[in-house]
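Enquirer: Below is a structure I'd like to ask you about.
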Amino acid sequence: MESLVQWFTYHLGSVLSGEVVIFIISMIPILELRGGLLAASPALLDVPILTAIPLCILGNILPIPFILLLINHILEWMKTVSVFRPVALWLERKAMSKKDSIEKYEFWGLVLFVGIPLPGTGAWTGALIASLLRIRFQKAFVAIFLGIIIATVIMSVLSYGVLGVLFG
């Protein structure tokens, strides 16, 4: 993930402001808020924390309603097109392989799944799993938002605390 964040900051940072770069990074699957806050840190773009946090939260939460409302329809359509069928099936398998904690604890499982910044977790995957498990939109959205807040606290400490000390 760090090399992707560096790639985006290098290539976009010369054309766009740091604020726009971290907003874009926060919307990208895999990178999400975690990548946005890493890019915003003193080690890379040095965007002030009070500017970075709302931009990264907004960038990360923006695609979530669309995923929750549309992903099942998109996956069903993809399965009908032979070229996209393997991708749709892979996405479903990948997401459902991570469903245990969410299925068992539903709301709080989804909060923690999104909030603990580990590889393969995050708002995008959480929204995909919530949608596949047919968790109600409002419940899933609130859980994902709370997870993003938890991830924000953790990543702010890492990006601005640890990296700030090292590079600030």
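Enquirer: Going by the conditions given, is GLY115 touching an Asp or Glu at 6+ places or on another chain (Cβ under 8 Å), touching a residue at least 24 places away in the same chain (Cβ under 8 Å) and either on the phi > 0 side of the Ramachandran plot or not assigned by TED's automatic domain parsing to the domain that holds PRO42 (or both)?
Expert: Numbers: touching an Asp or Glu at 6+ places or on another chain (Cβ under 8 Å): no; touching a residue at least 24 places away in the same chain (Cβ under 8 Å): yes; either on the phi > 0 side of the Ramachandran plot or not assigned by TED's automatic domain parsing to the domain that holds PRO42 (or both): yes.
It is false that GLY115 is touching an Asp or Glu at 6+ places or on another chain (Cβ under 8 Å), touching a residue at least 24 places away in the same chain (Cβ under 8 Å) and either on the phi > 0 side of the Ramachandran plot or not assigned by TED's automatic domain parsing to the domain that holds PRO42 (or both).
Enquirer: Can I ask one more? Could you please let me know if LEU37 is touching a residue at least 40 places away in the same chain (Cβ under 8 Å), assigned by TED's automatic domain parsing to the domain that holds ALA127 and crowded, with 17+ Cβ neighbours inside 10 Å?
Expert: Considered against the rule, which asks whether it is touching a residue at least 40 places away in the same chain (Cβ under 8 Å), assigned by TED's automatic domain parsing to the domain that holds ALA127 and crowded, with 17+ Cβ neighbours inside 10 Å, LEU37 comes out as no.
Enquirer: Report, by residue number, each residue of segment 85-95 that is out of contact with any Lys or Arg (no Cβ under 8 Å at 6 or more places or on another chain) and loosely packed, with under 15 Cβ neighbours inside 10 Å.
Expert: PRO86, VAL87, TRP90, ARG93, LYS94
Enquirer: For the structure I just gave you, tell me whether GLU106 is surrounded by 15 or more Cβ atoms within 10 Å (Cβ to Cβ), acidic (Asp, Glu) and part of a helix (DSSP H, G or I). Reasoning before the result, please.
Expert: Values: surrounded by 15 or more Cβ atoms within 10 Å (Cβ to Cβ): yes; acidic (Asp, Glu): yes; part of a helix (DSSP H, G or I): yes.
When the stated conditions are applied, GLU106 passes them.
Enquirer: Just wondering, is there one or more residues in segment 83-101 that are outside the structural domain of LEU33 (by TED's automatic domain parsing), modelled with pLDDT of 95 or more and outside any helix (DSSP H, G or I)?
Expert: yes
Enquirer: Now for a separate question. Output the residues belonging to segment 119-151 that are assigned to a helix (DSSP H, G or I), in contact with a Gly (Cβ under 9 Å, 6 or more places away or on another chain) and of a type in the set (Val, Ile, Thr).
Expert: Answer for segment 119-151, where residues must be assigned to a helix (DSSP H, G or I), in contact with a Gly (Cβ under 9 Å, 6 or more places away or on another chain) and of a type in the set (Val, Ile, Thr): ILE144, ILE148, ILE149, ILE150.
Enquirer: List the number of the failed condition for PRO54; all other conditions in (1) surrounded by fewer than 21 Cβ atoms within 10 Å (Cβ to Cβ); (2) over 29 Å from GLU19 (Cβ atoms) hold.
Expert: PRO54 satisfies every listed condition except (2).
Here is a yes/no grid of residues against (1) at pLDDT 90 or above; (2) farther than 29 Å from LEU45 by Cβ; (3) not hydrophobic (A, V, I, L, M, F, W, C):
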site	(1), (2), (3)
PHE107	yes, yes, no
PRO117	no, no, yes
ARG134	yes, yes, yes
GLY147	yes, no, yes
GLY168	no, no, yes
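Enquirer: Since PHE137 meets every condition but one in (1) under 20 Å from ARG34 (Cβ atoms); (2) of a type in the set (Phe, Trp, Tyr); (3) in contact (Cβ under 8 Å) with a residue 60 or more places away in the chain, which condition does it not meet?
Expert: It is condition (1) that PHE137 fails.
The values are calculated or read from the model by the stated rules, or taken from the named source; none is laboratory data. Bear in mind the structure is a predicted one, so any value in this text is a computation, not a measurement. As a convention, Cβ positions derive from the backbone with ideal geometry for all residues, glycine included, and neighbour counts pool all protein chains shown.
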